[in-house]
Structure formats: structure tokens, C-alpha cells
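The values are calculated or read from the model by the stated rules, or taken from the named source; none is laboratory data. All of these numbers come straight from a predicted model, not from anything done at the bench. Neighbour counts run over all protein chains shown; Cβ positions are idealised from the backbone, glycine included.
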Amino acid sequence: MANMNIIGALNSALDIMLDQDENVVIFGEDIGYFGGVFRVTDGLQEKHGPHRVFDSPLAEGGIAAIAFGMGLNGLRPVVEIQFSDYIFPAYDQIVNEIAKLRHRSGGEFWTPVTIRTPAGGGIRGGHHHSQSPESQFTHTPGLKVVYCSTPFNAKGLLTSAIECNDPVIFFEPKRCYRGPFYGDPHDVPTWADHPDADVPEEHYTIPLGEARMVQEGEACTVIAWGAMVHVCEQGISDSGVACDLIDLQTLVPWDRDAVVDSVNKTGRCVIVHEAPKTSGFGAEMAASVQERCFYSLEAPIERVTGWDTPFPHSTEWDYMPGPSRIAEAIQRTQEA
Amino acid sequence: MTKREPDPTSEPYTVPTAPFRPGDQPEFDSWPWTPADLDRPDPATCVSEDTREHAHGLVRVLSEDNLASGAWDPGLDADTLRRGLELMVLLRIFDDRMMKMQRTGKLSFYMRSFGEEAVAIAQTMALEEQDWIFPTYRQPGAQFVRGRDLVSMINHCIGNIEDNVKGRQMPVHYTYRDGRYISVSSPVGTQFPQAVGVAMASAYRGLDEVTITWIGDGASAEGDYHYALTFASVFNPPVILNVVNNQWAISTHRNFATGGSNFASRGLPYGVPSIRVDGNDFLALYSVTKWARERAGAGAGPTHIEVLTYRAAGHSSSDDPTRYRPADEYGAWPGGDPIERLKAHLCALGEWSDEQQEELESRIDEKVVAAYKEAVTHGDLASGPYPPASTIFTEVYEEMPWHLQEQREELGK
């Protein structure tokens, strides 16, 4: 075990996969010599060589296309899109190509691409360094969509994503790279004393499709992913209500049993995400929860999300769901 | 706000026009290029500057007298030429039959390669069997070179129970892994940078494999074209990047795809050796592709080729080109017809005759008709049998996740 932040945990996963599988190659903007703008690939080019870890031209559509071709010809490419806001030039290659190849070719071809991308707000990044576009990929058949939240699950989930023969979009909450974020921008701790920062130095996996029960309680189920997991911890604490907190970890396919069992137990459900409300993945969760748990529900399902607006710069703390909005939503479920 | 004085003689910006529209008499300038024009640089050491004349000129081998000459004459034996002719005739007859099937409601859709038969056939014949083919919908002929069974192709076009892609793709969107023919995709241009990735993987793995891909003149306006050139020029993998300039992208004339003088020369500033070739000259196409293959095999990297040709048919069975171009424009095309030209060459060599051609055409027609009859025994468009409905849910992922299992159960089939 070693204490790692999310950056170190992701670096460890990549390092181990480069060691274990000669078909793993890593490329993206600034990820080679420099080690990435968030340092996730620091040292990997020096250790594994410039043909396995390299900088790419600034062309996200090209990065995705190259990964597609490499993946169908025996490699296991892991690419970085520097900010998930910049993934859209690659959207056609991801949605129409990478996601569809196995199906459209009758299973004769597939491409096991992993696309890592930092997402979410909280770094004063304005609307083009802060978005959380997971629902624009959960709506695409053929992709698996993962959103890590801690050093421990970052490493285990990324290892699974790389080993997976399906394409995976892997979101990393950039606000939490160096410490869990509980919603107070003036008090951001590091991962140093956090139990989920104790990370095995060796290879391990966390299965895709399994949620993580962060804490247990009888009165309400709170579902979140990414940075919001930690904000929900604070929100639950502030609410004074005993809650199950489910970190979904994988959005496609999401963990049906974990969610259904919890909501059937608590009869209440609050879903929290940073992304805008309309057509956010919370809408899918809310619909699925009512389909499966309607007769257990004691209160309307609550959603606490980013607003249906562009993500702001200096007012980002009024945009991102914070502990007070989450606590209020939890308390509303108790009043019904 | 200031406004310029209106000038009725100038336009605010340039909107290109097609040279000829319905009702016009198409008259193309005769081509100035001859087989003697261009040298054949050493493929292993050639750099883009060495190909400036090749990008702005035109590599040709067959001349007006139907004989081969010049530095690019590949020196093919008569058996190889006859095989090329046979496969091109097969493609044309196959297309004609399939188009008839579409017109009589037996196929949902079809796309012909009419006028462009030499492209995929000559170019694939110039490659090694381990090389990857990354086609558009206008290169089905490569599969003939790689030995694909006609019945299997027709099964796909029908979408019957034997369709290897299980009724998931429109006709002509073939997948043929055994022939290293990668799945065709409808979004135009996406395969171009993907092919660069395939080639990079071959190079990484130390395999003697080259990847060839094509894009249309129209799709060369897509970002994907430029991604491919950028990554190819930066990483130097063994890839052959062809722009098939067939003059038309549905109704959009090629002069909407670039304001430049031609397509080949767009590769030069990328630092990629670039050659324009007469796409209806089987020997020139074969030769240029062989040269590009030699470059790639020698580790010299990518080649960018403009294949100058003419889309003699409509874009697809849904298109009516008489709405936007003269009906007889193909007849005026200076490049002639690829089948007629190779046939005339073989006849000029004394290696072929009109009688042999007739015999060939009738033999192939019988073969295509027989293949169609066999294919419909596996299901026709009207009544199937089609792939089982459960195949909607399979191969979306390697293993079917729970939500697809639930939806499959809901479908109940």
C-alpha cells in the first residue's frame, strides 16, 4: 500500500498496464515528454519509451481516429483528451465509429480503446474547462462510461477499462485529483489521511458495472459520481439524515442491484450530478428508479444538478451543487 | 456601420459553379499529360519536394494508341492484365445486376462503382495479401481481388439470415475480415485517419503490413482528411492515402471541396510525397500503388495519391444525376472508360479479342445470376428470413450487459 492521490493512482495503473501488456500504447496532447497538464502520465515516456507514450498533434478527432485504427489492429490504446470540454471534435469518431465497430462488423472487428478525460468544475475553469459531459456518452450504445472519484477506485477502474475489450470513456474529476472536495473551496484537503488514498502498488481491478457503497443509512438513498460523491458526504452530514451513499463508478452499465436494493430499503432517493439537469444521467436514474422501486418510494425522487446554463467562471460555486442544496433535498425527502 | 457602395459587377464572395449543368454540352479540355512526362523517383528515398511535378501533373501509362510506355509502365504480364480486366468486368456486371435488383424492389439500396472499377481492383492487386484495405463504399472491388464469394456479398446486400453483418448495415457497407477488408462506414472520411492508426499499429508491432485507404473529393473537405495527413506526416507510418477525385459528391462538384488547383498537391505542404494518377488507366494505378507500397515497405512512410476519375453512375440508387449534370458528361470525360482502355490494351498486344470479351461477359453474367439465385435461397428482402431479431442486441458489447438483456426480453424474440 502507498498513499496516492488520484493522479498518482492513475499513473500507477498506466505504468502497470504498460509493463504487463506490450500492446498498450498511450498518447494525447502534452502527455509525453511533459507528462500531461495534470501530470497523470509523468515519467511514463522516460520509462516506457517514446513509441509507447507520446505526444499527439492537437487534433482530438485525429486522436480518436488513430486509436480506433490501432485498436482494431491488435493494440490497446489509452488516449487522453486534455479536458472533456475538448472531446467534441472527436465525437463523430467516438459515437459513430469506436462505439459501433463491433456491432456494425458483425463482430469481425472491434477496438478496445480507452479514452481518459478530466471532467467537472471547481478549478475556476469557466465553461470550457469545467463541463461534465457524461450523458453525451451514456446515450451512445457500444460505449462503457466510467467516472472515478477516489485514488483507490481510479486505479482499479482504469485498469479494468484498459483490460476491457469494449471502448470505455473514463472521466476523471479534476477537482479531486489532489484531494477530496467536500464543497468548500476555501478548505480543500489533500488525500493524505483519506482511507481511499491507500492504494495497492500492484495490479488490481474494480469490475466495471459495480457501484461502491460509500456509507450506509436507512432513511434515504443518495446516488452520485465523480466529485459529487464527496460533496454528498458533506451534504448528508449537514442534513443529519442517515443515508446510503452510492458512488455509481460505472454509468454504463450501471449497478442495478445496488441502486434498487438501496431505494427499496430507504424509500427515498436523491440523485446528484454536476452536469446540467435536462437529459442529464440523473434523469435516466430517476426514471429507472421509479420503474423499479415505485411501490417502495415514500417521496418524490429529487435531483440536485448543475443548472441548464453554460458553466460559469467566477460564480462557479453557485453553479455546482453544494452541500446545502444536497442537504435540503435530502431533508425534503423526509418530509413527504 | 459603413457599407460599401454596391458594385453590380462583383460578388460578395465566390460561390463556385459546376462547369456543366443539365442542358449544357460538356466539353472538357483534352489532357496535356502523356506517359513520357514524369520520372519514377526512388520510392525509398523520395521526399515530398521530389513529387511536385507528379502532384501537379498526371501519371499515365496507356496512351492513345493503347500501348504502355514511360517510366511508370509496371511491365505486367498478360495473365495479370487479363485478371484485372476480368475482375473489373465482374464488378460492372455485378453492379448492373444489383442495381436491377434494387430497381425491382429486391434490394433496399445500392451503390455502383461504374467508371471507377479500376480504382480498388488495380490498387489492391498491387498490394500484398497481408495489407489492410480500408475502403469507402466505392471500393467493393477490392473484395474480388481478395477472393470474396459473390453469394456472401449478395447476402449482405439483401440483409438476409446469412449476412455476415447480420442485417445491421445498409447494402454495400461490406465487412470482410478474411480479406483484411475493414468494415465500411457511412460517415464520409472517418476511415482516412483510422487507416493511419491501423498502419501505426502495424509498424509498432513490427509487421510487414501496409494500409491503404480512400476518401472522395467531397469528403476531403472533412477534418478527418486533414487529421490523416497531419498524423501521417508526423508519425510516418506505412499508409497509402488516396483521394478519389471522381468530380462529384452527390450533386456537389469537386470545386466545392478545395479552392486549390488540384487534390494531390494538398499533400505536399504536409511533407507527404504526392502523386496524381489517371484513375481510369489500370496500369498507371497499379504502378503508382506499387510504388507507394514499396515506399511503405521500405519504412519511408506515407504516400498521398489523387486518383483522377469520373463517377459515371449516380451517387447511389437514391440519386438522379440528370438533375444536376449533363446526362452524357461521362461520354465526354477525357479519361475514357477503365474497362474499355484495358481491353483495348490487351487487344493491341494481341492478348485479347472482342470474342473473348463477349465470352467473358456472358460467363460472368451467368455467374452473377447464379450467385443471386443462391443468395435468395438464404432469404430475400421481401420475406426473409432475416437475421434473428435478437441480433439487434448482440455484439453491441463483448458481453451483453443487463440492460440489453432486459430489453431483449422485452422484445420477446
Which condition does B:ALA195 not pass, out of (1) in contact with an Asp or Glu (Cβ under 6 Å, 6 or more places away or on another chain); (2) crowded, with 22+ Cβ neighbours inside 10 Å, if it passes all the others? (1)
Within the stretch A:185-210, restricting attention to residues that are among the acidic types (Asp, Glu) and touching a residue at least 12 places away in the same chain (Cβ under 8 Å), which residue is nearest to A:THR159 (Cα to Cα)? A:GLU202
Please state which of the following conditions B:VAL172 fails to meet, knowing it meets all the rest: (1) within 14 Å of chain A (Cβ to nearest Cβ); (2) under 13 Å from the mean Cα position of the chain (by Cα); (3) closer than 18 Å to B:VAL307 by Cβ. (3)
Among (1) in contact with a strand residue (DSSP E or B) (Cβ under 8 Å, 6 or more places away or on another chain); (2) modelled with pLDDT under 95, where does B:ALA327 come up short? (1)
Here the residues within the stretch A:100-125 that are facing chain B (nearest Cβ under 10 Å) and either out of contact with any strand residue (DSSP E or B) (no Cβ under 6 Å at 6 or more places or on another chain) or closer than 18 Å to B:THR136 by Cα (or both) are A:LYS100, A:LEU101, A:ARG102, A:HIS103, A:ARG104, A:SER105, A:GLY106, A:GLY107, A:GLU108, A:PHE109, A:TRP110, A:THR111
Hey, can you tell me all the residues within the stretch B:349-385 that are within 14 Å of B:LYS106 (Cβ to Cβ) and among the hydrophobic types (A, V, I, L, M, F, W, C)? B:VAL368, B:VAL369, B:ALA371, B:ALA375, B:VAL376, B:LEU381, B:ALA382
Exactly one of B:ASP95, B:ASP7, B:ASP79 is of a type in the set (Asp, Glu) and more than 25 Å from the chain's Cα centre (by Cα), and that one is B:ASP7
Strands (runs of 3 or more DSSP E) within the stretch B:217-308 that include 2 or more residues closer than 27 Å to A:ALA67 by Cβ: B:239-245, B:303-308
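Give the residue that is farthest from the chain's Cα centre (by Cα), with candidates limited to residues of the stretch B:209-225 that are of a type in the set (D, E, K, R) and more than 16 Å from A:GLU97 (Cα to Cα). First the steps, then the outcome.
Filtering the stretch B:209-225 for residues of a type in the set (D, E, K, R) gives B:209, B:217, B:222, B:224.
Imposing the further condition that a residue be more than 16 Å from A:GLU97 (Cα to Cα) reduces the set to B:209, B:217.
On the way: B:GLU209: 20, B:ASP217: 11 Å.
The extreme case among them is B:GLU209.
If we only count helices (runs of 4 or more DSSP H) wholly inside the stretch A:236-336, which ones have 3 or more residues that are over 22 Å from the mean Cα position of the chain (by Cα) and outside the structural domain of A:CYS148 (by TED's automatic domain parsing)?
A:256-266, A:281-293, A:323-335
Does B:ARG146 fit the bill of being in contact (Cβ under 8 Å) with a residue 40 or more places away in the chain and either surrounded by fewer than 22 Cβ atoms within 10 Å (Cβ to Cβ) or under 27 Å from B:ALA296 (Cα atoms) (or both)?
Spelling it out, it is not the case that B:ARG146 is in contact (Cβ under 8 Å) with a residue 40 or more places away in the chain and either surrounded by fewer than 22 Cβ atoms within 10 Å (Cβ to Cβ) or under 27 Å from B:ALA296 (Cα atoms) (or both).
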Assess whether B:GLY379 counts as being away from chain A (no Cβ under 14 Å), more than 22 Å from A:ARG102 (Cα to Cα) and surrounded by 18 or more Cβ atoms within 10 Å (Cβ to Cβ). yes
Taking the options A:PHE152, A:PHE109, A:PHE170, A:PHE137, name whichever one is surrounded by fewer than 20 Cβ atoms within 10 Å (Cβ to Cβ) and modelled with pLDDT of 95 or more. A:PHE109
Can you tell me which residue in the stretch B:62-89 is surrounded by the fewest Cβ atoms within 10 Å (Cβ to Cβ), limited to those that are of a type in the set (D, E, K, R) and closer than 20 Å to B:GLY147 by Cα? B:ASP79
Hey, does the stretch B:384-393 have a residue that's more than 14 Å from chain A (Cβ to nearest Cβ), closer than 24 Å to B:ASP95 by Cβ and not in a helix (DSSP H, G or I)? no
Taking the criterion of being touching a helix residue (DSSP H, G or I) at 6+ places or on another chain (Cβ under 7 Å), at the interface with chain A (Cβ under 7 Å from one of its Cβ atoms) and surrounded by 24 or more Cβ atoms within 10 Å (Cβ to Cβ), would at least one residue in the stretch B:204-214 satisfy it? no
Quick count over the stretch A:77-99, residues being buried (at least 23 other Cβ atoms within 10 Å of the Cβ) and more than 7 Å from chain B (Cβ to nearest Cβ), is 11
So in the stretch A:50-76, with the set limited to residues that are surrounded by fewer than 24 Cβ atoms within 10 Å (Cβ to Cβ) and among the aliphatic types (A, V, I, L, M), which one is farthest from the other protein chains (Cβ to nearest Cβ)? A:LEU58
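Are any of the residues in the stretch A:155-167 under 22 Å from A:VAL188 (Cβ atoms) and at pLDDT below 95? So that I can check it myself, show each step before the final result.
Taking the stretch A:155-167 first, the residues under 22 Å from A:VAL188 (Cβ atoms) are A:155.
Filter once more, so that each one left must be at pLDDT below 95: none.
Checked the stretch A:155-167: no residue is under 22 Å from A:VAL188 (Cβ atoms) and at pLDDT below 95.
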Would you say A:ASP15 is charged (D, E, K, R), at the interface with chain B (Cβ under 8 Å from one of its Cβ atoms), surrounded by fewer than 23 Cβ atoms within 10 Å (Cβ to Cβ) and out of contact with any strand residue (DSSP E or B) (no Cβ under 9 Å at 6 or more places or on another chain)? no
Mind listing whichever residues of the stretch A:163-184 are in contact with a strand residue (DSSP E or B) (Cβ under 6 Å, 6 or more places away or on another chain) and within 14 Å of another protein chain (Cβ to nearest Cβ)? A:ASP166, A:VAL168, A:ILE169
